[in-house]
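Single-structure report; data block below.
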Amino acid sequence: VMASLSLLLLLVLLQIGVRGEDELASRFARWYGSKATIVASSIGEEVRCRPTAILFLCGHHRSFMYAKYSQKAMLEASSQCWFVSAVVPSEIEAPGKFDDTKDRHYEARRRALNSTTSATFDVPGLMRDAQEYMDGRMAYVVVDRAPELTKQPHRFAFFFSAPYVLSEYAFRKKKTHGLLKNAMVIRTRPEMLFERAFVWDGLLAYVASERTVRARHLILGQEDANHRKPGHVETQSDYMLMATYGTYERDIAKPLLHAFASPNETERSFFHRMGTANGAGFGLSLQDGADLLKKEEPLCGCLDDVFDDDDLDSSSCGAPSCYATVVKGYTQKLAWATTESHRIKAPPQDVSSVRSYCTNPRGPVDG
């Protein structure tokens, strides 16, 4: 009898797991159609607190097996409650990168992976290991992407939005304390080696006040050219970007999701440009958004009707999606983790002090 009950319980749990995978797959299909096929996924363990720091990881796994140590150390030193949402392709590295000796990360890649092919690695297995190391506070999706999602303009749009879709689904399924709109999102690549923890109390107080449009739509980027080497970018916002969860949702994720799913070509173009500009750390401070601002063209749009359902929280025209103000925050160079490193530097970095971008060719100025 006990054996029969145990078998029955196992079958029920397996059915629940399959049903959950199907539900997540349907969420991805709603936004990305057949362009992203889920190979493996897990929403992790129940989080018995409300996260104030959420790490979005997007891109190839690369040396995440080493980077996870510094990432967890950073999160633990930055917040008492944190969560990780990771979306990675099934290949550990992009095709052609293994033998690209001109790539500036070639040596780090060789030391970390010691391989010439992605076939050597079990990415779903590596993500399960990472989830266990993160004490279950991690949801992950491993995907196969159609060619359209492996190149621009859709590659960044997918990676910038997919961790949000996963985090929303994970916390809805857990029915726990939910996600704080003023929690801090740190979006980066899986191989990123962190050297410092962060303090963002002052920044969050300013954003939570919502006293100005800038406070409601503020992103910390890190676009910074090396002026000693013209044309050489020292740091990029696709390496690391920070924003509150509410800002990330409103100004990056939802515009991009609408751009993927909308049948209206004009709306697709407008919201894709907005979400990509914000997600890339340009906003209305650099490039496309700055041009629109100069021309006094529309910078905001309402997505009420699109998200007014149970799938994702509804936005409001009282809080529309907009080209955000991007300021230069703490800069984190893309440093591949090649060994286990649990240490981070002290003291933590206060990200409440930022610099404003302007048209000055010498770069940002204090602000």
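For the ranges 103-110, 274-281, 53-60, what's the packing order if you count other beta-carbon atoms within 10 Å of each residue, average per peptide, and put the highest first? List each step's numbers first, then the result.
Numbers: 103-110: 15.0, 274-281: 27.1, 53-60: 24.5.
Result, highest mean Cβ count within 10 Å first: 274-281, 53-60, 103-110.
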* Using modelled amide H (1.01 Å from N, peptide plane; none on Pro or chain starts), what sits under 5 Å from the amide H of Val143, excluding residues fewer than 5 places away? -> Val39, Val88, Ser90
* Convex hull per residue volume in Å³, alpha carbons only, for segment 141-226 -> 187 Å³
* Structure fact -> Which of Lys151/Lys181; Lys72/Lys173; Lys72/Lys97; Lys68/Lys345; Lys181/Lys294 exceed 19 Å between C-alpha atoms? The answer is Lys151/Lys181; Lys72/Lys173; Lys72/Lys97; Lys181/Lys294
* Could you sort His61, His154 by accessible area so the largest value comes first, with the probe set to 1.4 Å? -> His154, His61
* Structure fact -> Under a 1.4 Å probe, counting only protein heavy atoms, Tyr133 has an accessible area in Å², nearest 10, of 60 Å²
* **Extension gain from Ser352 to Glu267, taking 0.36 nm per residue of separation minus the Cα-Cα distance** => 27.2 nm
* Asked: What accessible area per residue, rounded to a whole number of Å², is obtained for segment 28-139 using a probe radius of 1.4 Å?
  -> 43 Å²
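The values are calculated or read from the model by the stated rules, or taken from the named source; none is laboratory data. Only a predicted model underlies this, so the values are computations on that prediction, with no experimental measurement involved. Cβ: placed from backbone, ideal geometry, glycine included. Neighbour counts: every protein chain shown. Quick note on the areas: whole protein, heavy atoms, side chains included, nothing else; ligands and nucleic acids left out. Shrake-Rupley method; radii C 1.70, N 1.55, O 1.52, S 1.80 Å.
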